[in-house]
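Written below as structure tokens is the structure these notes are about.
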Amino acid sequence: MTTKILTARMEAHPEDSHTLARYESTGGYDALRKALAEMTPEQIVDSVKASNMRGRGGAGFPMGVKWGFLAPAEPRYLVINADESEPGTFKDRQLLERDPHQLLEGILISSYALGVDQAYVYIRGEYPKPARRLQRAIDEAYGAGLLGENILDSGFSLDVSIHLGGGAYICGEETALLNSLEGRRGEPRLKPPFPAVEGLYAKPTIVNNVESISNVPWMTLNGGDSYAAIGPERSSGTRLFSLSGHVKKPGNYEIVMGITWAELIYELGGGIRNDNALKAWIPGGASAPWLVPSEHLDTLVTIDDAAEQGTMLGSGAIVVMDETTNVVAAARNIVKFFAHESCGQCTPCREGTSWLDDILQRILDGQGRPEDIDLLLDVSDNISPGLAWPPAMTTICPLGPSATAPITSIMRWFRPEVEAMIPMSEVASA
Amino acid sequence: MPEPASVTITINGVEHEVEPGQRLISAAERVGVMIPRFCHHDKLEPVGKCRMCLVEVEGPRGKSLVPSCTMPVSDGMVVDTESAVVEKAQEGVLEFLLINHPLDCPICDKGGECPLQDQTMQWGPGESRFIEQKRTFPKPISISDIVLLDRERCVLCDRCTRFADDIAGDPLITFQQRGNDVQIQTFPDEPFASYFSGNTVQLCPVGALTSVDYRFKARPWDLEHTASVSLVDSVQSTADVQTSRGKIIRVYAIENDAVNEGWLSDKDRFIFSAVHAEDRVTTPLIKEEDGFREASWAEALELVADKLGSYRGDEVAAIGGSRNTNEEAFVLGKFMRWVVGSGNVDAQAGDGIDPALAATLTPRARIADLDTASTILVWGPDLKETLPVLYLRVRKAVRNGATLVVASPAGTGLDGIAAHVVRYRAGSGSDTLRKVSAGEADYAAVREALGEGPVVALVGRSSLAEDPKLVEAVASFARSLPEAKLLTLLERGNVYGALDMGLAPTLLPGRMSASDSTAVETLEDAWGPIPTEPGRSAMESLSDLDEGVIKALLLVGSDPVRDCPDPSLAADGLERAEFVVAVDAFLTDSSSLADVVLPGAVWGEVDGTVTNLEGRVQRIRPSIQPVGQARPLNVVLDDLALLMGVELGSAKVGDVTAEIARIAPAYASVTLDYLTFEADEEGIVVPIDESTDLHRYIPAEVSVPVVTDRMTLHLAPALYDDGVWNRNASSIAELPRAATAAIHPRDASVLAVADGDSVRINETHTLPVVVDSEVAVGSIVIPFNQRETKGIAATASVQVDPVRGDAQGDA
């Protein structure tokens, strides 16, 4: 429970954990040295596969399996997804600001393993400080011979470039990110082909999240098996959760998965503000269906347990809502976000998310009609047929279906409360 | 692994054998299952954006909804296009598309032919559940001089943008904003000035893109359609000419994959308004001391018959006929050779190439051969400016991997996608050809590229100032390339038909030589005596008019004062002629010098056949009655011959088509019935074989003296020009670009001029300078036939002087 992989250094040395000096004085770049001197690229790939780590960006796809799909054509690219834009998510920001060399070392080892000599870090434009910190780390690394030509006399060369996004959530979707990186509109691509076959500039490309790659140095030093041994079998390793909302102690928490939601919210989070009653929480980012205390406090925080409850740990953003929360307003806030961030290429997402937003706003304005409840659900169903999680889609990417999660959540858990806001409905009349 | 010949897919429980490699939506359509769509278009890359074509496909984890426009068919695929899930998804998408659509169908040009309307009727929900505010935009906005955009109606299908980016190569329209605010827009200060913009109007599946000249003019159900062809250029794009109440009001492309693949240039599409222009000549005109007066046909024809009958046959010449039908051209040749007794006929105006080369060169390519060429050589005029639809076909070939070699004295529209650009000083082409042919130093890579067959060579005269012998030399070289096929690049609408019909001093109908005694005998058996020697070319006739050797001239839709290389010779010849009769639709610089002008019926009014640059014959059909008293040429000449005592028997088009089939061997298979019923979709290519190849080019030096203190001239043709048709077509009348003189930076510094300064050409024309490194050193590039450049003689070199602001003060 106290195992810390990602945040140990920044906790021990809050003043200068982001500097090369501190990084190297605390074992930094030992993993790179080990990799270049003692390991073949295949051994590193095997180690990552053995870790069973599931990607920390949201989809939870095993990182080693993704690496295994990389096509042999050259050049190949490694792209780090630092477009952390989902409401309530702020874990990658901390990794970028507080331990940028850990990420860089991960990039170096991963690039060596994948046969990459150019890596890009795509950082959301609203993250100037993380970008500055990472750029400074990159500069330090070049100065120390840790980046560039013939790194540590190993014959391995790598360049790393930062690209700042223009402020679009959709660019966190990996193919939209690649389009954006190429200078195109940030619109998700049709898949297949997947990026591992045809990615950046139509070349084989691995896109990994900041947190995922930041784990690679530890895995390299300690072995993928050791990583797999931490935590539950299919939710191995530690994980950074961004806890926010109506808790007493919001913040990022690196934990070993497998604790209960009650422990997470009440022990780590210190309980609900003003000791109010807990009403609901979003377990994995704005696109995740909500969980409620009457059902889920004893559920384990693992990827599979979340899936069993019809939701996900997603990007690790936990948003806690207390009894004062107007769930319609909360849902509308999230739907509005997705409507605003829709790239607009697929009809159901472009038109449907805005429509859902309009209906919810109308209900909040006291202009709801009894048929609006079925309408909300049916419009949602036309974006995500069946309204299940993981979602079926009438769209290219899951952004549109994500907007239906808060609607199905409030209808499932708080339907009387929604009806009460509609003047002509039976509940309101009573 | 070779692809199997077919794969089996099951659609709605029925098994079908379908061709592999195609998308599911197309495969389904071919077996009769229509899946609704907006973004899908056979000629555009799939994007899967509108989500209208969702169907259920069975996979390892059960059925799932997939867009059929992006899904390739695979063996064993099981598809459901009618399940409850599919129907709900389709209804849902249509409801989404309609929530922000203005539903202003009653005033929308697209209403009645609108895929959104039609598919809503078939697949959509009965009514909308949307009660919120609709999205609004100011509307319409002009995205070009020709096209208007209504963003409220737009369903963002990406068709217009994909067409502009991929097909036309004019990436001037794009999506802006995101989500609910996405809209099509041009870039700031850059209109959608594409030669192909009208195609986006036709591609648009809703009424978002409309053309300025059709807007609010008609309802689709009131339109009458005529399957015909465009006569703007020699590609002869297949087109649907649409009329209402006796007027042509719209031209749409017909998808003929052999010719135009469903595309038209904007000139093809918008030239039609000239047919109804106020300046049309609508009655016969006879010139008096104080100008033309209107006359009856009877009076005018009697006068013409009297005059023409008063000369010896070889004192009469005819120029023109390249914008007429094959039948009209044939009758003109028959009239001249038999009734008048003159072989002085020429469909070209000294601006073309050897007629034998154009009509009989083998091996002749078909347009579609470009699709399978490994290497394409374009040595001739800028295709984008002269034969725009052929330009699109070359672009497509390059997109699919062909290697393109372009040779020209100045930049062309294709340079950007060419693997090799050969730039040569205007006038020095033969020297460059020799170097390319030998693969000398700088040209080794080009020569190597040209060694990869099959090669399709497109050869033509790059400018009026270029020696036509160079075309023969290039063609001769190109024929030696591996698996080579060639197309010559004459531009005028039916010039190839006219040449095939014998409208050349050296050719008889059916691509026979005018000095071939057997061919002459065949015609004499059918008609009566005709000249046994080749006649005079247009330039020779104009010069002999000037000399008084030729006394009378018949001009048929030809404007040599504008179009021939020596405008003043043409003007002098016309002025000195004893008698000039013009059959024309307009009073041009040339026809206004005539003694009698007879109103000729034109494209849109005439019936018959035409032949394009690959030798393909298509049916051209009348859509309207001729304007005013205009008549087809075959009818005019039939009457005229009768007055001269000869029965031509050419009043009925069908009789003429039949006579052509009898007399012109290559046209033996061409009957109107055949073209109407059998070959209607693609037309028919009249056969050509090497034994009929009259062109015997013996490579020789094409020498153009380069005078060191003068610049060599490249008189570049432009799509929009000051031609009489362009001037009278309202949509495109204002589109010609202001003329400039482009020179290489080195010449600019020698002349001490910069961008925006002016130069004087031959002491007659002043043009603003554009300094352009794409121009060969020593050459000057001037657009042909623009308001500011008319009258410039197409000489090999010109005198160029800088115009100094203080020059007059010094003088």
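Considering B:Glu302, B:Glu327, the condition of being within 23 Å of B:Asn634 (Cβ to Cβ), acidic (Asp, Glu), surrounded by fewer than 24 Cβ atoms within 10 Å (Cβ to Cβ) and in contact (Cβ under 8 Å) with a residue 24 or more places away in the chain is satisfied by B:Glu302 alone. Considering only residues in the range A:176-204 that are in contact (Cβ under 8 Å) with a residue 40 or more places away in the chain and in a helix (DSSP H, G or I), the one that is surrounded by the fewest Cβ atoms within 10 Å (Cβ to Cβ) turns out to be A:Tyr201. For the range A:372-391, the set of residues classified as more than 8 Å from every other protein chain (Cβ to nearest Cβ), surrounded by fewer than 24 Cβ atoms within 10 Å (Cβ to Cβ) and either in a loop (DSSP other than H, G, I, E, B) or not acidic (Asp, Glu) (or both) consists of A:Ile373, A:Leu377, A:Gly386, A:Leu387, A:Ala388, A:Trp389, A:Pro390, A:Pro391, listed by residue number. Here A:Thr353, A:Thr347 are screened, and the one residue that is at the interface with chain B (Cβ under 8 Å from one of its Cβ atoms), within 28 Å of A:His246 (Cβ to Cβ), crowded, with 24+ Cβ neighbours inside 10 Å and at pLDDT 95 or above is A:Thr353.
Residue-wise test of (1) among the acidic types (Asp, Glu); (2) surrounded by 24 or more Cβ atoms within 10 Å (Cβ to Cβ); (3) without any contact (Cβ under 8 Å) to a residue 12 or more places away in the chain; (4) within 17 Å of B:Arg619 (Cα to Cα).
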position	(1), (2), (3), (4)
B:Cys204	no, yes, no, no
B:Ala208	no, yes, no, no
B:Ser211	no, no, no, no
B:Val229	no, yes, no, yes
B:Thr243	no, no, no, no
B:Ile248	no, no, no, no
B:Trp263	no, yes, no, no
B:Ala277	no, no, no, no
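Restricting attention to the range B:84-100 and to residues that are not hydrophobic (A, V, I, L, M, F, W, C) and not in a loop (DSSP other than H, G, I, E, B), the residue that is farthest from the other protein chains (Cβ to nearest Cβ) turns out to be B:Glu87.
Scanning the range B:293-317 for residues that are over 15 Å from B:Phe579 (Cβ atoms) and part of a strand (DSSP E or B) yields B:Arg293, B:Glu294.
B:Lys139 passes every criterion in (1) under 23 Å from B:Pro46 (Cβ atoms); (2) more than 14 Å from chain A (Cβ to nearest Cβ); (3) part of a loop (DSSP other than H, G, I, E, B) apart from (1). In the list B:Gly48, B:Gly13, which residue meets the criterion of being modelled with pLDDT of 95 or more and surrounded by 14 or more Cβ atoms within 10 Å (Cβ to Cβ)? Of the residues listed, the single one that is modelled with pLDDT of 95 or more and surrounded by 14 or more Cβ atoms within 10 Å (Cβ to Cβ) is B:Gly48.
Conditions tested, residue by residue: (1) touching a residue at least 24 places away in the same chain (Cβ under 8 Å); (2) out of contact with any Lys or Arg (no Cβ under 9 Å at 6 or more places or on another chain); (3) within 11 Å of another protein chain (Cβ to nearest Cβ).
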| site | (1), (2), (3) |
| --- | --- |
| A:Ile272 | yes, no, no |
| A:Lys279 | yes, yes, no |
| A:Gly284 | yes, yes, no |
| A:Asp304 | yes, no, no |
| A:Gly316 | yes, no, no |
| A:Glu323 | yes, no, no |
| A:Ala329 | yes, yes, no |
| A:Ser342 | yes, no, yes |
| A:Arg362 | no, no, yes |
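B:Ala666 meets each of the listed conditions (1) buried (at least 21 other Cβ atoms within 10 Å of the Cβ); (2) touching a strand residue (DSSP E or B) at 6+ places or on another chain (Cβ under 8 Å); (3) closer than 30 Å to B:Asp516 by Cβ apart from (2).
Yes or no, residue by residue, for (1) of a type outside the set (Gly, Ala, Ser); (2) in a helix (DSSP H, G or I); (3) under 15 Å from A:Pro348 (Cα atoms); (4) within 14 Å of another protein chain (Cβ to nearest Cβ):
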| residue | (1), (2), (3), (4) |
| --- | --- |
| B:Lys63 | yes, no, no, yes |
| B:Glu82 | yes, no, no, no |
| B:Lys110 | yes, no, no, no |
| B:Glu113 | yes, no, no, no |
| B:Gln117 | yes, yes, no, no |
| B:Thr120 | yes, yes, no, yes |
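All of B:Gly291, B:Gly341 fail the test of being under 30 Å from B:Ser730 (Cβ atoms) and not aliphatic (A, V, I, L, M), apart from B:Gly291. The number of residues in the range B:166-193 being within 11 Å of another protein chain (Cβ to nearest Cβ) and buried (at least 17 other Cβ atoms within 10 Å of the Cβ) comes to 6.
Of all residues in the range A:331-340, which are away from every other protein chain (no Cβ under 14 Å) and surrounded by fewer than 24 Cβ atoms within 10 Å (Cβ to Cβ)? Give the steps one after another, and end with the answer.
Here is the first cut: in the range A:331-340, the residues away from every other protein chain (no Cβ under 14 Å) are A:331, A:333-334.
Across the range A:331-340, the qualifying residue is only A:Asn333.
Check the range B:358-381 and report whether any residue there is assigned to a helix (DSSP H, G or I) and closer than 29 Å to B:Ala741 by Cα. No, that holds for no residue. If you check B:Glu294 against the conditions, is it among the acidic types (Asp, Glu), outside the structural domain of B:Arg616 (by TED's automatic domain parsing) and in contact with a strand residue (DSSP E or B) (Cβ under 7 Å, 6 or more places away or on another chain)? Yes: the conditions hold for B:Glu294. Taking the criterion of being surrounded by 23 or more Cβ atoms within 10 Å (Cβ to Cβ) and part of a helix (DSSP H, G or I), the residues of the range B:479-522 that qualify are B:Val495, B:Tyr496, B:Gly497, B:Ala498, B:Leu499, B:Asp500. Applying the set (1) more than 14 Å from every other protein chain (Cβ to nearest Cβ); (2) closer than 30 Å to A:Ser17 by Cα to A:Gly167 leaves exactly one unmet item: (1). Scanning the range B:55-98 for residues that are within 23 Å of A:Gly352 (Cα to Cα), among the hydrophobic types (A, V, I, L, M, F, W, C) and more than 41 Å from the chain's Cα centre (by Cα) gives B:Leu65, B:Ala84, B:Val85, B:Val86, B:Ala89. At least 1 residues being of a type in the set (S, T, N, Q) and in contact (Cβ under 8 Å) with a residue 40 or more places away in the chain is the threshold, and among the helices (runs of 4 or more DSSP H) wholly inside the range A:77-148 those reaching it are A:91-98, A:100-114.
The values are calculated or read from the model by the stated rules, or taken from the named source; none is laboratory data. Since the model is a prediction, treat every value here as computed from it, not as a measurement. Glycine gets a Cβ as well: all are built from the backbone with ideal geometry, and neighbour counts include every protein chain shown.
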